[in-house]
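This report refers to the structure that appears directly beneath it.
Every number here is computed from the coordinates shown, using simple stated rules; none is lab data. The structure displayed is predicted, hence computed values, not measured ones. Positions of Cβ are backbone-derived with ideal geometry, glycine not excepted, and every protein chain shown enters the neighbour counts.
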Amino acid sequence: MINIEKREEFDIKIDKTVGKPFIKDAKFSTRNVDVFYGEKQAIFDANIDIGKNQIIAMIGPSGCGKSTFLRCLNRMNDTIQDCHISGDIKLDDEDIYQKQQDPVLLRARVGMVFQKPNPFPKSIYDNVAYGAKLHGLASSKIELDELVEKSLIRAGLFKEVKDSLHKSGTGLSGGQQQRLCIARTIAIDPEVILMDEPTSALDPIATAVIEELMIDLSKKYTIAIVTHSMQQAARVSQRTAYFHLGYLVEVNDTNTVFTNPEHQLTENYITGRFG
Amino acid sequence: MISNTKKIKNKLAKRYAKEKRFQIYGLSAIAVSIAFLLSLLINISTTGFPAFQQTYINIDVNIDSKLLNLVDKYNEKALFSANYRKVVNQSLKTLFPGVKGRKQKKALRQLVSKSARYQLRDLVINNPDIINTKQSLWFLARDDVDVFMKGGIDRSLPESDRRLKNFQLVWIDKLLAENRLEKRFNINFFTQGDSREPEQAGIKGAMIGSLLTMLVTMLLSFPIGVAAAIYLEEFAPKNNRWVDIIEININNLAAVPSIVFGLLGLAVFIGVFGVPRSIPLIGGLVLTLMTLPTIIISSRASLRAVSPSIREAALGLGASRVQTTFHHVVPAAMPGILTGTIIGMAQALGETAPLLMIGMVAFIADVPQGITDPSTVLPVQIYLWSDSPERAFTERTSAAIMVLLGFLIVMNLLAVIMRRKFEKKR
Amino acid sequence: MTFGVIFTALMALLLLGYYIGKKRSIRLSDKSNQRLHSLPQHYGYLIAFWSSAPALLILLFWSVLESSVINSAIIAQLPVQFQQSSADEVELFINEIINLSHSGVTISDEVKRHAVFYYNELIEFSNWVKSLIVFVLAFMGMFIALAFVKPEMKARNLVERLIRWSMIGCALIAVLTTVGIIFSVIFESIIFFKTVNVFDFLFGAHWSPQEAIREDQVGGSGSFGALPLFVGTLLISFVALMIAVPLGLMSAIYLSEYSSPRFRLFAKPVLEMLAGIPTVVYGFFAAITVAPFIRDLGESLGLSLSSESALAAGIVMGVMIIPFVSSLSDDVISAVPQALRDGSYAMGATKSETIKQVIIPAALPGIVSGVLLAASRAIGETMIVVMAAGLSANLTFNPLEAVTTVTVQMVALLTGDQEFDSTKTLAAFALGLGLFLTTLVLNIISLYVVRKYQEQYD
Ligand SMILES: Nc1ncnc2c1ncn2[C@@H]1O[C@H](COP(=O)(O)OP(=O)(O)O)[C@@H](O)[C@H]1O
Ligand SMILES: [Mg+2]
């Protein structure tokens, strides 16, 4: 592994994001976003648009701020005590960090799936029904049953669990647990789904199932996915963003990024020189 | 979808109100606990504080050898058994001439404590030349007078509801007018043993008893506990059934009610070995068994916290396991071990129930001289006094609690300081 | 010679042994020109051990047994009518003899004078023999051990083995304690259950252990139906848990999920102070302040409350065990993985919703085990109930009335002056057996639950 810090010092400068960070008709758009953990800055001046019903992949060496950036989009960073954010993040042209914006409502609109499957220690049914119950989305037991079933079907899990809906969600296999987490996210019908390395804890077969599911879901939802695997980014995403040490280095169509990267750092990364 | 957003929005206010309420419940739970603690401490100190003062009465005593019934004033035996009571009583009569009736006369005698005659006796034995002179002396006042002086008796109550009757109040007023009543620091409380008379009762006996008991506990439980901890942590084979049994055993012992240890002491130490009841030795033995689990568990924790590199370095230099342990690991763990020991000792110092079982509840006026003298301990003294209805005893109970809490606070502070030091070093 | 003098002398011998052992090993190695197997100190330790340990052991045994042997010897030579008097009187007599012999006053009573004389004689003889045996043993140990010292002797290994075995001995004391507890309560209980039917004890509703005062009184000894005691204990413990569980749990939740680090740093030790206050202090506070307060409060509400109500004792006991519940819950709540919290927040749950629906269910086993430990504390708690609860057995589930508990009765039965094996004393041991078993079961379940729970998140 090459010592990144040293290299950056003398030969590579990042002034502004290269490629095509901005698009028309964006679902999310961020401008001049800086993120700090206490004194330490984790994101420097991130400007990017995320398109509707698209999958955008975020790649980069670990520790470069992908998760941090993703967590800004549904204000999950609010739960970290010394985390501060400045700049604009707009969802459908509304600033999500404005006072009158409510994080609870925002998170219902922007769902999230995590790296390690984290089903609640409840039954499969209750896991999926969790959000609907919280937000009062179903008016009757029948409606709730339908919602649970529909979400499990969409997440491609229904067939496997339909006879054990009342068994604990923590008893499923890793891949099933991750699909359960996706099912519970889509049960509240969000507009955007953020996925932070959703397959890095899974085996290749489970990964393939989830990737297929993502492509299917992107017909209806906007999806932002952080991934460690460039193949995965190439397989599922339309656009790709490359982060480096807190800087958003390059954003472009996935094809372009992988075949013809503009920035030296991007090229270094995708050709496997580090990361 | 718009409809979902709307549904969520409609419920938001209610959900946030719930959130707020939940948070308030949490804060109130803490507030209630702290309020209880404060009210306990304030209550105890306000009742206990007056006990650190004691009322004294000034009387002109005519030490008349005739009243004393004393012929030879240099015969020590005669001096010892002379009739000092009569002298004190006569002096009171002189101070308040014209007191009539048996009841009133008795009340008059009871202005001063019974200890007055012994105080006078000691004075005379020390200096027989004061016989047949007039001396102005300060004596301990009776508890009722003392309570009155501390504002514990309400004049405005009807006479029948008061412990001091009107005629007694008249006497006290006279004494006050002549500056013959004075509150002083209650030195007796710290220099005397228990007594049936509240104004004479002190905690010295109980404090010495506690000290001796703690000494026995400490001398036994510290070496035994630390040795057991060292064995279990450093030498015992892992995954051995016997070692597992010992471990489970220790964990269970830590949660056995303390009174059960008292039963053990009663049945084994007293019943089988015939150790006498009520002595610090047996109290210490019982408390040792009770505190051992605490010491073992905390010592093991601090041994475990010693970094393995210390062990590896010493073993690498060719030291044996025993040498490594005793020369390097144990010293490194010592602050933690001491902290645990102090906390165990503090627990033992406040313990009452098992000592009741082994008879440390007897009324004992003498201050114990050694670990085989009958004695009581501070918490048991508190228990004994708490049973007495007299206000002066309630006051002393609270004062004794203050002293006990004082010791515990000091011990815990010591433990905290040790822990701080320990953490800094690591 | 007294115990102290002999003990000091033995300690001196110990040092001497160490010194001689060390010197001798060095000299032997010089003489034979052979390297010592171990350091000279190790030889010293060995000699020191053999010149003091066996003698010390004998000294301890002798001192423990001395008084009872002497006492029975005195009793044996007393006139017959004395020997037939009750155990209490005999004990009093013995005490008097001992006091008299110490005071040195001249005694007029013939029997007593004789006894005192005999006592002094025995004590002197005993001291003599004791000193003789102890010192003979000490010197024998020293010389025999010295005779074994050779340069090739593996002194260090021997010393280390000695150390190891004494440490094992210390660890075994914990086991011995448990065995001692079990034997003493079971042994006395068996004798008790010979006179009182087990079934009557467990389910009898009438408890009045007073022994018959007159010979012709019915029953001879009181009745020992302990059901009211069990119910009383459960009632007070229940009240205590009703206080401690919500307050402790909510405090723990607030401290671990909401509070600022600074507030936590202040509040946590303050809460823990509640656990450091001796129970006798709580008992006093309950009896003097809380019970009257609650009685007056009840009266102003038109309720009739006993001034020894289960409610008052239970509330104070509840406050005492708040820290147990809160610190154990705090630990388990902090151990719930952050991923679960994140999962819930990401679904749009508020903090309290997350706590109630995800964190508490996830931490439940740990919380349950904490509550079980707290319950075992409450059941075994003695001083608060001795001072603030009632003495009369009252079979009721009403917390406004006075009830008595197992521990209160144990204290009541054992603090009077009675013979060691009267039915009353034995009854206390039977109650102790019940108490020990109950708390043991609670503790074992609790430890088991905790262990299961830890495995879950490891
Ligand atoms: N909770 C936190 N507190 C402080 N620093 C953090 C926190 N989370 C992440 N960081 C820091 O922010 C930087 C970016 O982290 P992250 O977004 O997790 O990177 P990635 O997901 O790309 O691996 C890292 O240097 C990391 O150390
Ligand atoms: Mg990450």
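Kindly evaluate A:R184 against the criterion of being in contact with a Leu (Cβ under 6 Å, 6 or more places away or on another chain), of a type outside the set (G, A, S) and either on the phi > 0 side of the Ramachandran plot or not in a strand (DSSP E or B) (or both). Write out each step before concluding.
Numbers: in contact with a Leu (Cβ under 6 Å, 6 or more places away or on another chain): no; of a type outside the set (G, A, S): yes; either on the phi > 0 side of the Ramachandran plot or not in a strand (DSSP E or B) (or both): yes.
Criteria not met by A:R184.
Go through (1) within 12 Å of chain B (Cβ to nearest Cβ); (2) on the phi > 0 side of the Ramachandran plot for C:V270 and report which single condition fails.
Going through the list (1) within 12 Å of chain B (Cβ to nearest Cβ); (2) on the phi > 0 side of the Ramachandran plot, C:V270 breaks only (2).
Can you tell me which residues in segment B:326-369 are in a helix (DSSP H, G or I), within 9 Å of another protein chain (Cβ to nearest Cβ) and not small (G, A, S)?
Once the filter is applied, which keeps residues that are in a helix (DSSP H, G or I), within 9 Å of another protein chain (Cβ to nearest Cβ) and not small (G, A, S), segment B:326-369 yields B:F326, B:I343, B:Q347, B:L349, B:P354, B:L356, B:M357.
Tell me yes or no: at least one residue of segment C:316-328 is more than 30 Å from C:Y453 (Cβ to Cβ) and either assigned to a helix (DSSP H, G or I) or away from chain B (no Cβ under 13 Å) (or both). Give the steps one after another, and end with the answer.
Initially, segment C:316-328 is screened for residues more than 30 Å from C:Y453 (Cβ to Cβ), giving C:316.
Next cut, either assigned to a helix (DSSP H, G or I) or away from chain B (no Cβ under 13 Å) (or both) only: C:316.
Yes, segment C:316-328 contains at least one residue that is more than 30 Å from C:Y453 (Cβ to Cβ) and either assigned to a helix (DSSP H, G or I) or away from chain B (no Cβ under 13 Å) (or both).
Return yes when C:M140 is farther than 28 Å from B:G225 by Cα and in contact with a helix residue (DSSP H, G or I) (Cβ under 9 Å, 6 or more places away or on another chain) and no when it is not.
So C:M140 passes the test.
Find the residue count for segment C:186-197, including only residues that are within 11 Å of another protein chain (Cβ to nearest Cβ) and among the hydroxyl-bearing types (S, T, Y).
Result for segment C:186-197: 1.
Give the number of residues within segment A:88-108 that are crowded, with 16+ Cβ neighbours inside 10 Å and more than 16 Å from ligand 1 (Cβ to nearest atom).
Going through segment A:88-108 one residue at a time, the tally reaches 11.
For B:P237, all conditions in the list (1) facing chain C (nearest Cβ under 9 Å); (2) over 24 Å from the mean Cα position of the chain (by Cα) hold save one; what is the number of the exception?
Every condition holds for B:P237 apart from (1).
Do we find that B:A267 is among the hydrophobic types (A, V, I, L, M, F, W, C), assigned to a helix (DSSP H, G or I) and more than 7 Å from every other protein chain (Cβ to nearest Cβ) in this structure?
no
With the requirement that a residue be within 16 Å of ligand 1 (Cβ to nearest atom) and under 19 Å from A:D92 (Cβ atoms), what does segment A:210-237 give you?
The answer is A:A224, and nothing else.
Here is a check on your reading of the model: is C:F183 more than 14 Å from every other protein chain (Cβ to nearest Cβ) and either assigned to a helix (DSSP H, G or I) or touching a residue at least 12 places away in the same chain (Cβ under 8 Å) (or both)?
In short, no.
Residues A:I186, A:I182: which one is more than 14 Å from chain B (Cβ to nearest Cβ), over 24 Å from A:D45 (Cβ atoms), among the β-branched types (V, I, T) and away from ligand 2 (no atom under 16 Å from the Cβ)?
Unique residue meeting the criteria: A:I182.
Looking at the structure I just gave you, is A:M112 within 13 Å of chain C (Cβ to nearest Cβ), assigned to a strand (DSSP E or B) and within 15 Å of ligand 1 (Cβ to nearest atom)?
yes
Residues in segment A:39-86 that are surrounded by 14 or more Cβ atoms within 10 Å (Cβ to Cβ), assigned to a strand (DSSP E or B) and within 16 Å of ligand 1 (Cβ to nearest atom): how many?
13
Looking only at segment B:125-148, how many residues end up being surrounded by fewer than 22 Cβ atoms within 10 Å (Cβ to Cβ) and among the aliphatic types (A, V, I, L, M)?
Qualifying residue count, segment B:125-148: 4.
Any chance segment C:324-344 includes a residue that's closer than 30 Å to C:L395 by Cβ, in contact (Cβ under 8 Å) with a residue 40 or more places away in the chain and surrounded by fewer than 24 Cβ atoms within 10 Å (Cβ to Cβ)?
yes
Quick one: A:T170 ticks every box in (1) of a type in the set (S, T, Y); (2) touching a strand residue (DSSP E or B) at 6+ places or on another chain (Cβ under 9 Å); (3) within 14 Å of another protein chain (Cβ to nearest Cβ) bar one, so which box is it?
(2)
Is at least one residue of segment A:149-157 within 14 Å of another protein chain (Cβ to nearest Cβ) and away from ligand 1 (no atom under 16 Å from the Cβ)?
Checking segment A:149-157: at least one residue is within 14 Å of another protein chain (Cβ to nearest Cβ) and away from ligand 1 (no atom under 16 Å from the Cβ).
Kindly list, by first and then second residue, each pair from a residue in segment A:58-84 that is free of Cβ contacts under 8 Å to residues at least 24 places away in the same chain to a residue that is more than 10 Å from ligand 1 (Cβ to nearest atom) and aromatic (F, W, Y), limited to pairs with Cβ atoms under 7 Å and residues at least 6 apart or on different chains.
Close Cβ pairs satisfying both conditions: A:T79/C:Y345.
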